[in-house]
Protein chains: 4
Amino acid sequence: MTRPVLLDCDPGIDDMIAILTAVASPEVELVGVTTVGGNVGIDTTTRNALDVLALAGRADIPVARGADRPYLRTLDNRAESVHGGNGLGGVTLPTSGAGPVEATALELMVETVRAATEPVTLVATGPLTNVAHLFAVYPEVASRLARLVVMGGSIGAGNRTPAAEFNIWADPEAAYRVLTEPGLPRPVPTTLVGLDVTYRTAYRPDDLDRLRSAGTVAALCADALEYYLAAYRRDIGMDVVPLHDPLVMAEAIRPGLVTAEPAYVEVDTTVGPSRGNTLVDLRGVRNQPTAEVGVDVDVPSALEFITSRLENYARR
Amino acid sequence: MTRPVLLDCDPGIDDMIAILTAVASPEVELVGVTTVGGNVGIDTTTRNALDVLALAGRADIPVARGADRPYLRTLDNRAESVHGGNGLGGVTLPTSGAGPVEATALELMVETVRAATEPVTLVATGPLTNVAHLFAVYPEVASRLARLVVMGGSIGAGNRTPAAEFNIWADPEAAYRVLTEPGLPRPVPTTLVGLDVTYRTAYRPDDLDRLRSAGTVAALCADALEYYLAAYRRDIGMDVVPLHDPLVMAEAIRPGLVTAEPAYVEVDTTVGPSRGNTLVDLRGVRNQPTAEVGVDVDVPSALEFITSRLENYARR
Amino acid sequence: MTRPVLLDCDPGIDDMIAILTAVASPEVELVGVTTVGGNVGIDTTTRNALDVLALAGRADIPVARGADRPYLRTLDNRAESVHGGNGLGGVTLPTSGAGPVEATALELMVETVRAATEPVTLVATGPLTNVAHLFAVYPEVASRLARLVVMGGSIGAGNRTPAAEFNIWADPEAAYRVLTEPGLPRPVPTTLVGLDVTYRTAYRPDDLDRLRSAGTVAALCADALEYYLAAYRRDIGMDVVPLHDPLVMAEAIRPGLVTAEPAYVEVDTTVGPSRGNTLVDLRGVRNQPTAEVGVDVDVPSALEFITSRLENYARR
Amino acid sequence: MTRPVLLDCDPGIDDMIAILTAVASPEVELVGVTTVGGNVGIDTTTRNALDVLALAGRADIPVARGADRPYLRTLDNRAESVHGGNGLGGVTLPTSGAGPVEATALELMVETVRAATEPVTLVATGPLTNVAHLFAVYPEVASRLARLVVMGGSIGAGNRTPAAEFNIWADPEAAYRVLTEPGLPRPVPTTLVGLDVTYRTAYRPDDLDRLRSAGTVAALCADALEYYLAAYRRDIGMDVVPLHDPLVMAEAIRPGLVTAEPAYVEVDTTVGPSRGNTLVDLRGVRNQPTAEVGVDVDVPSALEFITSRLENYARR
Ligand SMILES: [Ca+2]
Ligand SMILES: [Ca+2]
Ligand SMILES: [Ca+2]
Ligand SMILES: [Ca+2]
């Protein structure tokens, strides 16, 4: 029996691969995609989500447009140099004939959760603005989620600043509202998968070669990741390309790929050098754990999982 | 022709009088009431809103329940000692047979604005949580408001802390989102009416005597204000009772009762002694004005306006 | 019997008049002047202090150079447009042959307090950096002060920002250390005289005429104040020139000119819009009073006091 | 030729071993010890410093009492449960007949640096309050230091909070003043040695056995460390005892034991969950490096260095 999954994302190269991984996985049904401004603006992330679904042959999955500005404060939070002008590493997808549904991201989330016959897993691979709106305006609906799996934060260093990972940094107040003060009637089982494990789940250049020989869809992924890889090489001298969002989706599809420990997570919302830091108190001395935080990952299994799902498109 | 008015409130004694003033004013039509936790909890403010409308003979006006926790951070933000356990100074109203509508406060706001044949004036006399949700989730809808009139803040001293007025202090992040970073497609004409003018718009004890002889509804108001007056006497030695929320409603009904000047308003969201302060830059040296801020009021006219409207109930 | 007075200042036009007022007052003996960066840099304020003392015929009073940067954070905290390039409104004083003593401002404060046969009154008319150093490094010495009289802050609006008065804004952490967390063995009787009373203690243009006819020193003061007046006219449309620092010195010389009330004072050190605000809790509900805060002033007496002292120079 | 070393500390077990290491090292001359409140109060840290020097046979080295409260804000910053009531793990040292010099810590620092015939190395193994005073009041003197070596901070997790190491947490504003805004005429070569390397420089239980058989002084160290080890076992399940302060002193004596990289260091002074965090930007993308930050250590060499110096006492 397939589990319903909702994806809130800001595609984005690795969001694209997360979408493709979900669609190609029989364990889950991707029941909707909501978009948020993040790596690039909301118009682009929405367009990209539609085009990626069309590429996957699932233009029927509803896409709803969400927030284009952070929950509280506006910052210059674009990351176009890493993701290319269209957010997809310069790869041009065929344009989907479909448009977003009329419902807002928040409305689609609410309708989907209410309509689902079993609890929905919400996967978030962008800034948490839409999810914060859900928690704030519809706490009872949020309480009915089966699970929330978030790509964000880190126990150690950040990537956007020395302290902060990009998704959390782009909207720290939303992350605070969701992770530190969820304020729901019932707690939602939450897994936070951060840079500590996503950076390790990385393709080497020859992994891209394998993708390139696995059909059109996988080859497009390889092209986009190649762009990403070049940015990593140029900016921080890495010669591998991490699969941040795909790993998080993989964990949502096959729980346990990431090893997580219960911890209290406090998101730093100060306007200072630690803005957007996720303080993870693994020992939970001070507060009760509020989430499971990824501390380890079976890297070969995770990479194989993602690659083989992308290869599925060649068999269709 | 009557103008449509939506009231977002946390009744509360002076919210009660604001509601009664609106219902008794032919210039406007009160098209909906949304509630927010503030002076007392959301269950009580919603119950009170329903009962006040029944008292006014308008149980048909829809009441929608809104947020019970602040936009970002939870604080102990109740003021029961001033407003009495039920928020109405111990006055017990007949219980309305009506309940709140199924829609949330946010949904009722959106539906009302969309359905209205002319632009709606939104009056806010509680913490701005619901209004912040409207601005954040439905910026296009918020942009269609005719006017936003807010009871909140002060140019000078606060009442909840040396720096902060209660409504803003109770949810500074919501106030920041609405007043400092509205982020709407089109600016909404906004008037901020703070303690500088509301404190001056105060009944003396003999004004209460006039109310007492003006029918059941006015007499109930007098009883509730008597309770309020006692609290003011006890806590800060004042022998008059300010009509914070009624003045703001009066200004919404008859624009110009309050003299306002354009100013940039920055809400302090730091976690420090100035949390909830509204910094009003009247000269607007640094930033373009974002609101009209009340600096003066024609006190006798304002009091007469409110009193005479409450007296209308005796003539029904 | 004369009381010893130490002045910590950043001349500055009104510091100049404060110095001249002190020297011309038989009730006190100005036993030393320490300088701080503020209106202009430390080199200029030190040079000005020396030159003003020479003008007053008291080049023998020791001047010690103090801090040129704030207690904690460096900001662009110069106010040259108001005070003129040399801080004295373009008035050029005869250059004193004297230089500063070798001791630092902190050392001179400590030596002076220790050597004095009766408790010293410390008057501060600039940012509180040096005073914070005294409180932090020599708490026992600070405890022996007879009184600390500070020009700074305001109960109402600021002048440097909507929230903050210049001296406090220029070094909020120093002010916090001195006023909010003094941490001394014994409390020092402290009077904070802010804009609420200093703005009212203002010369009208014809007051400057009286000064001009009262000898060289007073005429120089008139010239400098004329410059100041022009800045006030230009910037905020005022047609009077406030005597901030001279009033504070006058209060130190003749205690009671300013009416003060006990209050707890919390200096805002957040990095936000209220940075440098002085939160004055006159009712002291939350905390024990830590200072006397000026709330009123006998304006005619204060102006007459200052003017007549400046006229004393003509009689020498 | 011996290099002069000044130690600013809060003994404390590991400060004690740092002192003993310095005295037993022919490469340096310990020319003074200044104390600061930290692990325990200033009276105790001063008493302990005197007693440790007497134990080392060097009661002649001057000890000066420094700050007992942080640079800006007072917090409950004692760590008595880790260090025992007297800060030395319950080990009772013979009481030294000597007392502290009359000079304050700041005065002793200034005199020592001025009097030295070659540049002084300042080692700081407690909160940085005294050092901040030196930088703030005597920037020219601070500029003449040969080197500043600090035990504090971490690139990764903290020990006092998830974000902050104890010494920095105990006085973040002092650390900010010294590390982030030194404001000196000439930069002082600064090495920050944090938990990333000090935690790895740890004795195992059998290392304590070796100490126990190496004379009275080393045996006393073993006894004190045993107490410390028990605390680590109890609190965080570690079965080794790190030599935080001794490693920092060892690096000062034999530069290069710690591998350090240039980095910009920003101390978090917000009042939030990251207070006291040291943000180390190793790549220095945003700002010029301001310090060398320890990233690695030759653990066996470091442990052998410290142990062999403590064994020197048996040979005297
Ligand atoms: Ca993403
Ligand atoms: Ca209200
Ligand atoms: Ca001044
Ligand atoms: Ca130590």
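The values are calculated or read from the model by the stated rules, or taken from the named source; none is laboratory data. None of the values given here were measured: they were computed from a predicted structure. In this analysis, Cβ positions are derived from the backbone assuming ideal geometry, glycine residues included, and neighbour counts consider all displayed protein chains.
A few points about this structure:
- Every residue from the stretch A:227-268 that is acidic (Asp, Glu) and touching a strand residue (DSSP E or B) at 6+ places or on another chain (Cβ under 8 Å): A:Asp245, A:Glu251, A:Glu261, A:Glu266, A:Asp268
- Any hit, the stretch A:44-63, residues being in contact (Cβ under 8 Å) with a residue 24 or more places away in the chain, over 16 Å from the mean Cα position of the chain (by Cα) and under 30 Å from B:Val267 (Cβ atoms): no
- Residues in the stretch D:130-164 that are in contact with a helix residue (DSSP H, G or I) (Cβ under 8 Å, 6 or more places away or on another chain) and within 14 Å of chain A (Cβ to nearest Cβ): D:Gly153, D:Ser154, D:Ile155, D:Gly156, D:Ala157, D:Gly158, D:Asn159, D:Arg160, D:Thr161, D:Ala164.
- Hits in the stretch A:229-263 (condition: closer than 16 Å to A:Asp296 by Cα and either assigned to a helix (DSSP H, G or I) or basic (Lys, Arg) (or both)): A:His244, A:Asp245, A:Pro246, A:Leu247, A:Val248, A:Met249, A:Ala250, A:Glu251, A:Ala252, A:Arg254
- Close pairs from the stretch B:290-306: first within 16 Å of B:Leu20 (Cβ to Cβ), partner of a type in the set (Ser, Thr, Tyr) and in a strand (DSSP E or B), Cβ under 9 Å, at least 6 apart: B:Leu303/B:Tyr203; B:Ile306/B:Tyr203
- Per-region count, the stretch A:93-132, residues touching a residue at least 24 places away in the same chain (Cβ under 8 Å) and assigned to a helix (DSSP H, G or I): 13
- Selection count, the stretch B:143-170, where residues are without any contact (Cβ under 8 Å) to a residue 60 or more places away in the chain and not in a helix (DSSP H, G or I): 6
- Filtered residues of the stretch A:39-75 (kept if of a type in the set (D, E, K, R), within 14 Å of chain B (Cβ to nearest Cβ) and touching a helix residue (DSSP H, G or I) at 6+ places or on another chain (Cβ under 6 Å)): A:Arg65, A:Asp68
- Selection count, the stretch C:143-161, where residues are within 15 Å of ligand 3 (Cβ to nearest atom), among the polar types (S, T, N, Q) and surrounded by fewer than 22 Cβ atoms within 10 Å (Cβ to Cβ): 1
- Only one of A:Asn39, A:Asn48 that is part of a loop (DSSP other than H, G, I, E, B) and either of a type in the set (S, T, N, Q) or within 11 Å of ligand 1 (Cβ to nearest atom) (or both): A:Asn39
- Residue among B:Thr190, B:Thr198 that alone is at pLDDT 95 or above, within 16 Å of ligand 2 (Cβ to nearest atom) and out of contact with any Phe, Trp or Tyr (no Cβ under 9 Å at 6 or more places or on another chain): B:Thr198
- From the list A:Ala116, A:Ala164, the lone residue that is surrounded by 24 or more Cβ atoms within 10 Å (Cβ to Cβ), farther than 29 Å from A:Thr216 by Cβ and away from ligand 2 (no atom under 16 Å from the Cβ) is A:Ala164.
- Looking only at the stretch C:240-261, and only at residues there that are at pLDDT 95 or above and either within 16 Å of ligand 2 (Cβ to nearest atom) or of a type in the set (Val, Ile, Thr) (or both), the one that is surrounded by the most Cβ atoms within 10 Å (Cβ to Cβ): C:Val248
- You will find that of C:Glu173, C:Glu140, the residue that is in a helix (DSSP H, G or I) and touching a strand residue (DSSP E or B) at 6+ places or on another chain (Cβ under 9 Å) is C:Glu173 and no other.
- Any chance B:Asp281 is in contact with a helix residue (DSSP H, G or I) (Cβ under 8 Å, 6 or more places away or on another chain) and within 30 Å of B:Ser143 (Cα to Cα): no
- All positions within the stretch D:14-33 that are of a type in the set (A, V, I, L, M, F, W, C) and more than 12 Å from the chain's Cα centre (by Cα): D:Leu20, D:Val23, D:Ala24, D:Val28, D:Leu30, D:Val31
- Among the numbered conditions (1) away from every other protein chain (no Cβ under 14 Å); (2) modelled with pLDDT of 95 or more, the only one that A:Gln288 does not meet is (2).
- Look at (1) out of contact with any His (no Cβ under 9 Å at 6 or more places or on another chain); (2) of a type in the set (Ser, Thr, Tyr); (3) modelled with pLDDT under 95 and you find that D:Tyr228 fails only one, number (1).
- Scope the stretch A:195-208; condition within 16 Å of ligand 1 (Cβ to nearest atom) and within 14 Å of another protein chain (Cβ to nearest Cβ); matching residues: A:Leu195
- Residue list for the stretch B:165-186, restricted to those being within 14 Å of chain C (Cβ to nearest Cβ) and aliphatic (A, V, I, L, M): B:Ile168, B:Ala175, B:Leu179
- Test for C:Ala54: is it assigned to a helix (DSSP H, G or I), modelled with pLDDT of 90 or more and away from ligand 4 (no atom under 16 Å from the Cβ): yes
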